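FYI, it's all coordinate maths here, none of it is from the lab. Keep in mind that this is a model prediction, so the values were computed, not measured. Note that each Cβ is placed from the backbone with ideal geometry, even for glycine, and that neighbours are counted across all protein chains shown.
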Amino acid sequence: MSERDRKPPFRRQGGKFTGKPRGFDRPQARRERDSGADGPVILYGWHTVTLALANPQRRIRKLYLTENAARRLADERIETRVTPEIVRPSQIDQRLGPDAVHQGLLAEADPLPSPDIDTLSPEGIILVLDQITDPHNVGAILRSAAAFDVKAIITTARHSPEATGVLAKSASGALELVPMITVQNLARALARLDERGFQTVGLDSAGDTDIAAVTLRQPLALVLGAEGKGLRQLTRDTCSVVARLDMPGAIKSLNVSNAAVLALYVGASRLGLMGG
């Protein structure tokens with residue numbers, strides 16, 4: 001064990017936690033650079049960071065905490081795995097922007113590995129996202145996916161948000177619970193799922209039939225398209241079924257994250273996956 005490993009997670013002096021914020025105050029332009037493919041994953045907020053700390057597959061590079069957050073972690077006996085640097089809340093605000101609800105925690109981490117489609121277990125439900133670009137929506141979908149024990153989410157390398165920052169915060173820790181598979185070509189990925197026995201059901205307001213009338217089976221892949229555009233034509237053509245969510249009210253379409261949770265409820269109920 002190295003000398004650094006022997007250090008306590010925080011140091012207390014005069015009733016306060018101390019730590020030197022080395023290199024923390026940097027230009028705000030770094031926000032976008034850090035969120036890119038070449039930079040670390042940026043995680044902030046209580047659930048997002050603590051679940052990342054609990055995930056042995058997530059390598060934490062740096063951890064910044066306010067005194068209150070450090071005290072809470074210590075009180076709840078949450079292992080930080082790296083020696084944190086204690087900073088003022090305003091320093092995290094400067095890094096993330098004043099609207100980010102960080103709760104005094106910010107971590108820089110390595111991305112999680114992207115599994116291969118061939119490693120998916122042929123059971124349960126997975127989600128496939130066809131160029132959904134809003135990180136809030138993808139984060140909300142991830143959170144619902146974790147609640148419904150979704151086995152994986154497949155998304156495209158292009159026209160999809162990075163698994164960092166706002167997306168991670170919106171997911172509220174679900175990034176650590178639901179594997180994300182990134183593919184270059186979605187149509188080929190759907191064809192591979194079909195070869196592996198998955199039923200691929202595209203969800204689109206112009207679908208041929210109500211999903212309630214579709215005979216669902218495991219393993220099931222629910223395919224969601226971007227708001228407004230819906231599923232791309234090639235994606236529609238590759239799915240084994242294209243269905244719609246019939247709504248009884250005057251508004252017939254839903255926000256994609258709401259459509260996802262409704263489709264997951266229908267699928268899990270019909271497949272007997274709800275438990276209880």
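For a test of understanding, tell me how many lysine pairs in the chain have Cα atoms under 17 Å apart, given they are 8 or more places apart or on different chains. All intermediate terms of the calculation are to be shown ahead of the outcome.
Numbers: LYS7/LYS16; LYS7/LYS20; LYS7/LYS62; LYS20/LYS62; LYS229/LYS252.
Number of lysine pairs found: 5.
Note on region 114-205: with charges restricted to the Cβ of Lys and Arg (+1) and Asp and Glu (-1), its dipole about the Cα centre is near 140 debye. Comparing ALA226, ALA213, ALA146, which has the greatest mean-square fluctuation in the GNM of the chain with Cα pairs linked when under 10 Å apart? Residue with maximal mean-square fluctuation among ALA226, ALA213, ALA146: ALA213. When you restrict to C-alpha pairs under 8 Å that are six or more residues apart and normalise by the size of the chain, the relative contact order lands at 18 percent. Phi angles across region 134-146 convert, under the Karplus curve 6.51 cos²θ - 1.76 cosθ + 1.60 with θ = phi - 60°, into 3J(HN,Hα) values of 6, x, 5, 5, 5, x, 5, 5, 4, 5, 5, 4, 5 Hz, Gly and Pro given as x. Amide H contacts for ALA163 (H built 1.01 Å from N in the peptide plane; partners 5 or more residues away or on another chain; cut-off under 5 Å): none found.
Would you mind ranking THR83, THR48, THR215, THR164 by Cβ crowding within 10 Å, fewest neighbours first? Show your work: numbers first, answer last.
Numbers: THR83 15, THR48 28, THR215 7, THR164 23.
Ordered from fewest to most neighbouring Cβ atoms within 10 Å, THR83, THR48, THR215, THR164 come out as THR215, THR83, THR164, THR48.
For the pair ASP246 and ALA147, the difference between a 0.36 nm per residue extended length and the Cα-Cα distance amounts to 33.3 nm.
GNM remark for the chain: springs join alpha carbons under 10 Å apart, and the peak mean-square fluctuation among GLU76, GLU108, GLU227 falls on GLU76.
Close amide H contacts of LEU120 (hydrogens built in the peptide plane, cut-off under 5 Å, sequence separation of 5 or more or a different chain): none are found. Under 5 Å between amide hydrogens, built in the peptide plane, is the criterion, and for ILE181 it picks out ILE153, ILE154, THR155 among residues at least 5 positions away or on other chains.
Short-range pairs are left out: with C-alpha atoms under 8 Å and at least six residues apart, the relative contact order of region 201-269 is 45 percent.
The distance between label points at ARG61 and THR133 comes to 2.6 nm (points 7 Å beyond Cα on the Cα→Cβ vector). With 0.36 nm allotted per residue and the present C-alpha distance subtracted, the THR182-ARG77 stretch has 34.4 nm of extension available.
Which of ASP118, ASP208, ASP130 has the fewest other C-beta atoms within 10 Å, and how do the rest follow up to the most? If you can, show how the numbers build up before the last one.
Values: ASP118 8, ASP208 13, ASP130 28.
By the 10 Å Cβ count, ascending, the order reads ASP118, ASP208, ASP130.
Taking the number of Cβ atoms within 10 Å of each Cβ as an exposure proxy, the fewest-first ranking of HIS47, HIS159, HIS102 is HIS159, HIS47, HIS102. Given the alternatives (i) 80, 48, 28; (ii) 68, 35, 34; (iii) 64, 38, 35, Cα extents along the principal axes in Å as computed for this entry is given by (ii). Comparing LYS229, LYS169, LYS62 in a Gaussian network model of the chain (Cα springs below 10 Å), the most mobile by mean-square fluctuation is LYS229. Put a dot 7 Å past the Cα of LEU273, heading toward its Cβ, do the same for GLU123, and the two dots end up 1.2 nm apart.
At 0.36 nm per residue, minus the direct Cα-Cα distance, what do THR209 and ASP93 gain on full extension? Give it in nm, one decimal, please. If you can, show how the numbers build up before the last one.
Details: separation 116, 0.36 × 116 = 41.76 nm, distance 4.80 nm.
Extending this stretch completely gives an extra 37.0 nm.
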